[in-house]
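Colleague: Just passing along the structure, written as structure tokens.
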Amino acid sequence: MHMSMTDNQAGPVAKESTTHSENPQPVPSTTSTSAVPPGCPANVVTIPVPILQSEGNFAYVTVKGSLHDYTCTVFGLNQAEVQALSNRLSVKPCVNGVLVAVPPMVMLNTLAQLSYKVVCSCGEAEICWTMQREV
């Protein structure tokens, strides 16, 4: 494309070039000499990130429920945690987890007392909260 001014126009106008004799300027490389990963456009800068070694081991659980419901489901608890919850709450086994007869926010706060913290959540009508604690 060429930018040109005409006598009756106040600003630059984009005009298609009809010749192919232009020599485009080379684009400076912003990456190292490594090859571009497959599937990435050549103009995308990739920054390799080293995988950090974990300082400790973590246990994860997921709480699934609706903010409008009085029950929730918890996945990933160990037997001692299920037993501790059974002493305080109504807990029923279900596929891969337990159904707890408390609203999900109460369950999140209860698990926070066991040193779990929310690390991510997803969903709208029904939400999954993933929680982690160091073991």
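The values are calculated or read from the model by the stated rules, or taken from the named source; none is laboratory data. None of these values were measured; they are calculated from a predicted model. Virtual Cβ from ideal backbone geometry, glycine too; neighbours counted across all protein chains shown.
Colleague: Which members of region 86-135 meet the condition of being assigned to a loop (DSSP other than H, G, I, E, B), touching a strand residue (DSSP E or B) at 6+ places or on another chain (Cβ under 6 Å) and β-branched (Val, Ile, Thr)? Talk me through it step by step, then tell me what you get.
Modeller: Residues of region 86-135 that are assigned to a loop (DSSP other than H, G, I, E, B), as a first pass: 89-90, 95-96, 101-103, 114-116, 124-126, 135.
Add one more test, that the residue is touching a strand residue (DSSP E or B) at 6+ places or on another chain (Cβ under 6 Å), and what stays is 89, 96, 115-116, 135.
Correct list: VAL135 only.
Colleague: Restricting the search to region 102-119, which residues are surrounded by fewer than 13 Cβ atoms within 10 Å (Cβ to Cβ) and on the phi < 0 side of the Ramachandran plot? Walk me through it before giving the result.
Modeller: We begin by selecting, within region 102-119, every residue surrounded by fewer than 13 Cβ atoms within 10 Å (Cβ to Cβ); these are 109, 113, 115, 117, 119.
If the condition is that a residue be surrounded by fewer than 13 Cβ atoms within 10 Å (Cβ to Cβ) and on the phi < 0 side of the Ramachandran plot, then ASN109, GLN113, LYS117, VAL119 are the ones that fit.
Colleague: Now, a different point. Identify the residue in region 53-67 that is farther than 14 Å from ILE127 by Cβ and among the hydroxyl-bearing types (Ser, Thr, Tyr) and, among all such residues, is modelled with the lowest pLDDT.
Modeller: SER54
Colleague: Now for a different question. Please state which of the following conditions MET105 fails to meet, knowing it meets all the rest: (1) touching a residue at least 24 places away in the same chain (Cβ under 8 Å); (2) within 28 Å of GLY56 (Cα to Cα); (3) within 21 Å of the chain's Cα centre (by Cα).
Modeller: Here MET105 clears every test but (3).
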